[in-house]
Amino acid sequence: MKADFRPAEPEDTALLLAFIRALAEYERMLPQVVATEDTLREWLFEKRAAEAFFVLEGEREVGFALYFYNFSTFLGRAGIYLEDLFVLPEYRMKGYGREILRQLAKIAHARGCGRLEWACLDWNSPSIDFYRSLGAEPLNEWTVYRLAGDALEQLADSE
C-alpha cells in the first residue's frame, strides 16, 4: 500500500480537534479534552510547537498524526515524539497506521533525528501488538511522570 498524506493547515483546526476527540473517546479519556480550535490554532500554527498531517483515502482524511521534537542528550540530537496517531475505525486494518508510522520514520530520517518515540496505554493490546510487529520495543524500565493542572501551577508558584 502507498498512502497519500497532506500536512495540516490552519483551516484544518476543526478537523484536527474532531480527530483528537475521536482518539480520546477510543482511549476512554474524552472528558480530559479541553483543547479548543483557538488553542490548537495558536500552538500548532502560530507558535509551531507541533506538526500534524493527515492520511488520505482518495480525498477523505481517514487518519492523522501529531508530533513534535524531543531531544536525547545521550544521542546528542533531536528525535520525534508522536503524541497522537489515530485512524478512523472503519478504515482500520487497511495499512494506514503502518503508513503513518512509515511516513514519520521517513521524516525523522530526513531530518537527521535519532529516534521516533511514543506512548501507548497499557490496556491497548491491539496497538501494542501492532507496534511490536513493526519492531518497536516497550521501554519497561521507564515510567512517565507528569505535572499538570494544580500540581504544575503549585510548583511554578512555589518559593
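Could you list, ordered by first residue, the pairs with Cβ atoms under 8 Å in which the first is in the range 115-131 and touching a residue at least 12 places away in the same chain (Cβ under 8 Å) and the second is basic (Lys, Arg) and not in a loop (DSSP other than H, G, I, E, B), at least 6 apart or interchain?
Partner pairs satisfying both residue conditions: PHE130/ARG98.
What number goes with the only condition from (1) over 20 Å from ILE80 (Cβ atoms); (2) without any contact (Cβ under 8 Å) to a residue 12 or more places away in the chain that HIS109 does not pass?
Of (1) over 20 Å from ILE80 (Cβ atoms); (2) without any contact (Cβ under 8 Å) to a residue 12 or more places away in the chain, only one is false for HIS109: (1).
Would you be able to tell me the number of residues in the range 114-135 that are surrounded by 11 or more Cβ atoms within 10 Å (Cβ to Cβ), among the charged types (D, E, K, R) and farther than 15 Å from ILE100 by Cα?
The number of residues fulfilling the criteria is 2.
Would you point out which residue out of ARG115, ARG111 is more than 24 Å from PHE45 (Cβ to Cβ), among the basic types (Lys, Arg), at pLDDT 95 or above and in contact with a strand residue (DSSP E or B) (Cβ under 8 Å, 6 or more places away or on another chain)? Don't jump to the end; show me each part of the working.
On the way: ARG111 fails: more than 24 Å from PHE45 (Cβ to Cβ).
Just a single option satisfies the conditions, and that option is ARG115.
Being free of Cβ contacts under 8 Å to residues at least 40 places away in the same chain and either within 15 Å of LEU134 (Cβ to Cβ) or in a strand (DSSP E or B) (or both): is that true of ILE80 here? Full working, then the answer.
On the way: free of Cβ contacts under 8 Å to residues at least 40 places away in the same chain: yes; either within 15 Å of LEU134 (Cβ to Cβ) or in a strand (DSSP E or B) (or both): yes.
Spelling it out, ILE80 is indeed free of Cβ contacts under 8 Å to residues at least 40 places away in the same chain and either within 15 Å of LEU134 (Cβ to Cβ) or in a strand (DSSP E or B) (or both).
Return the only residue of GLU61, GLU99, GLU90 being modelled with pLDDT of 95 or more, surrounded by fewer than 17 Cβ atoms within 10 Å (Cβ to Cβ) and within 24 Å of LEU17 (Cα to Cα).
Only one candidate qualifies: GLU90.
If LEU17 meets every condition in (1) without any contact (Cβ under 8 Å) to a residue 40 or more places away in the chain; (2) assigned to a loop (DSSP other than H, G, I, E, B) apart from one, which number is that one?
Among (1) without any contact (Cβ under 8 Å) to a residue 40 or more places away in the chain; (2) assigned to a loop (DSSP other than H, G, I, E, B), LEU17 violates only (2).
Kindly indicate the residue of the range 1-45 that is in contact with a Ser or Thr (Cβ under 6 Å, 6 or more places away or on another chain) and crowded, with 16+ Cβ neighbours inside 10 Å and also nearest to ARG98 (Cα to Cα) among those meeting that condition.
Among residues in the range 1-45 that are in contact with a Ser or Thr (Cβ under 6 Å, 6 or more places away or on another chain) and crowded, with 16+ Cβ neighbours inside 10 Å, the one nearest to ARG98 (Cα to Cα) is LEU40.
The values are calculated or read from the model by the stated rules, or taken from the named source; none is laboratory data. Predicted model, so just to flag it, every value in this text is computed and none were measured. Positions of Cβ are backbone-derived with ideal geometry, glycine not excepted, and every protein chain shown enters the neighbour counts.
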